[in-house]
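A short worksheet on the structure shown next.
The values are calculated or read from the model by the stated rules, or taken from the named source; none is laboratory data. Predicted model only: the values in this text are computed from it and were never measured. Methodologically, a virtual Cβ is constructed for each residue, glycine included, from the backbone with ideal geometry; neighbour enumeration extends over all protein chains shown. Note: areas computed on protein heavy atoms with side chains; ligands, DNA, RNA excluded. Shrake-Rupley method; radii C 1.70, N 1.55, O 1.52, S 1.80 Å.
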Amino acid sequence: PIPDSMETHMYDHRAVDTAAQFFRAYSDGTLDACGKPFFMYVGFRKPHEPFFIPEKYFNPEYCYDLYQDPLDLPFNEPENVYPFNGFVMPPQPDTIYEDFFHLPEGGLGQYMAAFDSVYFDILEEIEDMDTLPNVADGLTEEQQIEILHRVHSANVAMAYVAAVRYLDAQIGRLLDSLAAYPELMNNTILVLASDHGFSLGEKRHWEKGALWETDQRVPLIISDMRAPLEQQVSAPVSLLDIFPTLCTMADIPMPEFTDGTPYLDGQDLSPLLAEPSRNMERPALSAY
């Protein structure tokens, strides 16, 4: 956690400030846009690491001091207890990480899970402490390390969640700044997308370097504010589909090679937007 006062200096906050300046200048005519529509791409860095996030976005359970006595466990314990008594981590099998050890030893699954080695980084953070904190009396050193590893893992997960909350606030600020000019908001197509998902300890795997759904599936929201509809499409689609979809929605010719063949690899999703239950038998492929 960093001081809340630093939020206005952060990249994503400043990116929204810049977008808001553009909306204002475009709307009041001080920006020479030649009377043409605009395309704006706002790239957000969070929730990418490093997780330096204003403190107000963190869960209250975040553990600032591993040496506190007694140590207040930040995670829900037991895991399935309700009402919750701590931060709820992604579900684990009855024996933690058993799903990792059920993968073929030396196979691709274990290789992907271990590739970024964040699990070992978190473990080494604990093992490299000069003096091991005392979690509770009567525990072996191995048991103490296991609990401290879970505490540190929960802290990392809470930092990621804080980064998502921070980003959510910036997206809200961006939409609010556009909504201040209804003539723009009501004539704009909004797209929200991400580049990858993020694992938080499932199969002993952290971050993004695997081909499981948690890493590969991304948010994709398309809102045509000229005629907004709330609906959900379950067909598999790809981020490559955004370009041709926007061409169709904005009535722009799709680029072609000089011989007239399509330049774009994606597929126009506007038929799905018009008919969400439409059957589209096509895979969405990812490689890593």
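Miscellaneous remarks
- Residues that are open to solvent by less than 40 Å² (accessible area, probe 1.4 Å) and polar (S, T, N, Q), drawn from the stretch 93-135: Gln110
- Residue match in the stretch 25-36 (condition: out of contact with any His (no Cβ under 6 Å at 6 or more places or on another chain), closer than 16 Å to Leu167 by Cβ and touching a residue at least 24 places away in the same chain (Cβ under 8 Å)): no
- Residue check, Ala169 in contact with a strand residue (DSSP E or B) (Cβ under 6 Å, 6 or more places away or on another chain) and modelled with pLDDT of 90 or more: no
- Residues satisfying the stated conditions in the stretch 61-84, i.e. surrounded by 11 or more Cβ atoms within 10 Å (Cβ to Cβ) and of a type in the set (S, T, N, Q): Asn76
- Filter pass, Pro50 being surrounded by fewer than 15 Cβ atoms within 10 Å (Cβ to Cβ) and over 19 Å from Gln170 (Cα atoms): no
- Among the criteria (1) open to solvent by 50 Å² or more (accessible area, probe 1.4 Å); (2) of a type in the set (Gly, Ala, Ser); (3) within 30 Å of Asp251 (Cα to Cα), the one Gly138 does not fulfil is (3).
- Some residue of the stretch 53-68 being more than 14 Å from Asn155 (Cα to Cα), of a type outside the set (Asp, Glu) and out of contact with any helix residue (DSSP H, G or I) (no Cβ under 7 Å at 6 or more places or on another chain): yes
- Phe38 surrounded by 10 or more Cβ atoms within 10 Å (Cβ to Cβ) and closer than 23 Å to Ala193 by Cβ: yes
- Test: residue in the stretch 224-233 that is under 30 Å from Gln110 (Cα atoms), modelled with pLDDT under 95 and open to solvent by 60 Å² or more (accessible area, probe 1.4 Å): no
- Residues in the stretch 242-261 that are within 26 Å of the chain's Cα centre (by Cα) and farther than 11 Å from Leu273 by Cβ: Ile242, Phe243, Pro244, Leu246.
- Thr258 being β-branched (Val, Ile, Thr), at pLDDT 95 or above and farther than 23 Å from Gly43 by Cβ: yes
- If the condition is being without any contact (Cβ under 8 Å) to a residue 24 or more places away in the chain and either farther than 25 Å from Leu200 by Cβ or among the hydrophobic types (A, V, I, L, M, F, W, C) (or both), then the stretch 132-149 contributes Leu132, Asp137, Gly138, Leu139, Thr140, Glu141, Ile145.
- The set of residues in the stretch 238-283 that are acidic (Asp, Glu) and open to solvent by 90 Å² or more (accessible area, probe 1.4 Å) comprises Asp251, Glu256, Asp259, Asp265, Glu281.
- Residue in the stretch 150-179 that is surrounded by the most Cβ atoms within 10 Å (Cβ to Cβ), counting only those that are free of Cβ contacts under 8 Å to residues at least 24 places away in the same chain and over 15 Å from the mean Cα position of the chain (by Cα): Leu175
- The number of residues in the stretch 107-137 being at pLDDT 90 or above and on the phi > 0 side of the Ramachandran plot comes to 0.
- Residue check for Phe58: open to solvent by less than 80 Å² (accessible area, probe 1.4 Å) and farther than 26 Å from Pro133 by Cα: no
- Selection status of Asp4, among the acidic types (Asp, Glu), exposed (fewer than 14 other Cβ atoms within 10 Å of the Cβ) and in contact with a helix residue (DSSP H, G or I) (Cβ under 6 Å, 6 or more places away or on another chain): yes
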